[in-house]
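What follows is calculated from the coordinates using simple rules that are stated; it is not laboratory data. Keep in mind it's a predicted model, so treat the numbers as computed, not measured. Glycine gets a Cβ as well: all are built from the backbone with ideal geometry, and neighbour counts include every protein chain shown.
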Amino acid sequence: MLEIKNLVVQIEDKRILNGLNLTVNNGEVAAIMGPNGSGKSTLSYVIAGKEDYEVLDGEILLDGENILEMGPDERAAAGVFLAFQYPLEIPGVASMTFLKAAMNAQLKARGESELSTPDFIKRVNAAAAQLEIPKDMLKRALNVGFSGGEKKRMEILQMALLRSSFCILDETDSGLDIDALRIVSEGVNALRSPDRSFLVITHYQRLLNHIVPDTVHVMHSGRIVRSGGKELALELEANGYADYRESEAA
Amino acid sequence: MPAVQETIDQVRLIDVDQYKYGFETEVEMEKSPKGLSEDVIRFISAKKGEPEWMLQWRLDAYKRWQTMQEPNWARVSYDKIDYNEIYYYAAPKNNPAPKSLDEVDPEILRTYEKLGIPLREQEILAGVEPERRVAVDAVFDSVSVATTFKEELKKAGVIFMPISEAIREYPDLVKQYLGTVVPVTDNFFATLNSAVFTDGSFVYVPPGVRCPMELSTYFRINEKNTGQFERTLIIADKGSYVSYLEGCTAPKRDENQLHAAVVELIALDDAEIKYSTVQNWYPGDAQGKGGIYNFVTKRGDCRGKNSVITWTQVETGSAITWKYPSCILRGDNSRGEFYSIAVSNGMQQVDSGTKMIHLGKNTTSRIISKGIAAGRSENTYRGLVSAHRKATGARNFTNCDSLLIGNECGAHTVPYIESKNATAVFEHEATTSKISEDQMFYCQQRGLSDEEATALIVNGFVKDVLQQLPMEFAVEAQKLISISLEGSVG
């Protein structure tokens, strides 16, 4: 379970999150929607531990433990996974090599023994098949020359292999065509389980037709301004964010 | 704190003294008188039991050297070297030429054991696949202490021995080739080497022979205030092939030590020489105190048609590196290759690269250089590609990539391109990049620590060159690069 309490965050003296509160229960898929600049991506980076952000107040509890003091790698080992909106390229490092390094680093951090090579390959092949990732792609340098769809599938592959308990999808639908959206969504849906929760950040209702959320939160000016069920997303799609902008102006 | 800021702070604290080869060996040494003079040269020549012609060669070099100026065009700075404060010869006492390993001072054997270099053939034979065997020549200060697999190589007709022995046993071969690639008058440091060189390896591979194992030399500077001036001469006769590896280490010392080696390679018709170096001399401490001055002249001559010379180097050590392994592409259709990884950290200064001199027709060359600068180091690639007017159809491809870690280091690329033949095609690509904070964050988000993330990104950066090394060396080199960058990453 993830609990965020009164989170206040700034970057270069600019306040981005203003006392944000949010709870995501185990097994829950929570969607966060909101207009550009409402602080959605900042929220995902702050949970994952990116260093440029200054946390002025509040706490983030993962299963009761405050993760704000942890480094990003420690948070990863504790179960936080962030599927990046723009996955980074690592030239010269084969995707397979990267996957193995990441999996073993997390196992090591948790005091477990490293995977044997046959076990590792078995796991990767099974997960890759489901995401329709060809073997050739695993041999290529990570994300180098990948299409938008390939990059996002690679993110979901990592999410599946790292077995994280709290997964954030940051605008995973951006840059995806219909087929890629389907593959990615199916990949995510297959990972839904009672002990894994998701935070799905998106602009558009479209993604939520494929990954149906349990709860929807509307974010505006660094705060959650409204929460509801999946029908809230449809309402937003119909009316846009204008209501929230006006309430801010008033 | 942003990752890059942290990296920089770490670099400030860095103790380059991660250097694990910094121990010293206690052995009784015999040294020449300090400083350089005709008498010292006569002393060295006499110690080596050299013929008169060799002594004359040295004395001529010394005369010439006295008229020469130290070069100052490289992008390195250091206090003036006092050539009279150096010992030019140091050898373990009572044991100038051991007949077998049993006669070698056990302290020296332990030194090589600590360095992970196998000298006992029995042990090598017991544990290693036959095709993985490496014949080793171990040079301790000024003398070779052991050469393994000599007999077996001899059966194949390959001569692999200390050059001081070759001068006595194969004077005609040595006379025929020594100084024909790097002439006595070549440059200040090469001329100095010609006057005072002490030991090094000699390799001759006869026509049509594929050398049955990798040949390797490990150089160790131990004695203080001593220069190391080794000389290596490798001749691959027609249609032959040889792969040669070179490694080097030295103890940590506060004063700088000079290493001025000369390596000459000669490839005749259809012959191929692969020369790989893992250079790990002591780099000095974080303040730039101590460390080896590595002023080295390495040159290969593709003398015959269709010959190939490949230089691969992984440079992580030395306070100053001044080194340009080059190829003279004299034979028609000959090929020269240069693959380099140069890592600098702390206060290290590297000015390294290559020269590809196209003289023959349809000669090709390829240069892949990867420079990694961290700490407050300066890392320069300097390379010349030239085509003589008769070098019809000459082709070169050059790729120089630099990677910066932190913001107090420098990476520089200085290419010189000279073409006197209109048919020559030279390509040059260069990039400079930094490990970005976003890349680091991405890797860390997947669970990698700062150091693991940096090592992974750096290994990706140098992959093309590591692939050129023989496998055992590639693994060693990969580890070495990680160790060299330890503490440079946030």
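Some notes on this structure:
- Label positions at B:VAL475 and A:ALA109, each projected 7 Å from the Cα along the C-beta direction, are separated by 2.8 nm.
- Taking label positions 7 Å along the Cα-Cβ direction at both B:GLN69 and A:LYS135, the computed distance is 6.3 nm, reported to one decimal.
- Measuring against 29 Å, Cα to Cα, the residue pairs A:LYS50/A:LYS108; B:LYS355/B:LYS434; A:LYS108/A:LYS139; B:LYS154/B:LYS370 contain B:LYS154/B:LYS370 as the ones spanning a longer distance.
- Ratio of Rg to Rh over the range A:23-158 (Cα coordinates, Kirkwood Rh, two decimals): 0.98
- Panel order for B:MET29, B:MET471, by other beta carbons found within 10 Å of each beta carbon, from fewest to most: B:MET471, B:MET29.
- Cα pair distances exceeding 15 angstrom across the range A:98-167, given as percent: 54
- If you wrap the Cα atoms of the range A:90-207 in a convex hull and average its projected area over all directions, you get 7.6 nm².
- 0 to 90° range, to nearest 10: angle between helix A:178-191 axis and chain A longest Cα axis: 80
- Dipole magnitude (debye, nearest 20) for the protein assembly as shown, charges at Cβ of Lys, Arg, Asp, Glu: 2380
- Computed over the alpha-carbon atoms, the protein assembly as shown gives an Rg to Rh ratio of 1.07, Rh here being the Kirkwood radius from the mean inverse distance.
- A Förster distance of 45 Å, applied to the separation of the beta-carbon atoms of B:LYS175 and B:LYS289, puts the FRET efficiency at 0.55.
- Entry note, chain A: the mean residue ellipticity at 222 nm calculated from DSSP H runs of n ≥ 4, each adding -39500 (n - 2.57), is -12000 deg cm²/dmol after division by the residues and rounding to the nearest 500.
- Pairwise label distance in nanometres, B:GLU427 with B:ILE483, each label 7 Å out on the Cα-Cβ vector: 3.7
- Mean separation of Cα contacts under 8 Å, 6 or more apart, over the residue count of chain A: relative contact order %: 29
- Among B:THR363, B:THR432, a tally of other beta-carbon atoms within 10 Å of each Cβ gives an order, fewest to most, of B:THR432, B:THR363.
- With the convex hull constructed from alpha-carbon coordinates only, chain A shows a mean projected area of 13.6 nm² over all directions.
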